[in-house]
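The block underneath contains the structure these notes are about, expressed in structure tokens.
Laboratory data are not the source of any read-out in this text; all were calculated from the coordinates shown. The structure displayed is predicted, hence computed values, not measured ones. Positions of Cβ are backbone-derived with ideal geometry, glycine not excepted, and every protein chain shown enters the neighbour counts.
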Amino acid sequence: MGALIGGIIAVAIGIWLWIVWPGQVIVIQGSIPLMLIGAGLLAVIAGITSIKDSIEAKKLEKEAQQSSEQK
């Protein structure tokens, strides 16, 4: 969950910096927003994946518990 929130914040800051520094994408100052956006998107994807994994683990745990109760 932390990666998801951190990623969203990084993407928002990156987009904001891109708006504040228009036309400077080629120089070092302009690469900071692009790096923030890229890293933020990766963090968002990682956060969503971890949430899906935890939901799947709970689902499998529940199924295993139900099958052990039926025996």
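Between Gln66 and Ser31, how many nm apart are label points set 7 Å from Cα along the C-beta direction?
5.3
Below 8 Å, C-alpha to C-alpha, sequence gap of six or more: please give me the relative contact order for the chain in percent.
40
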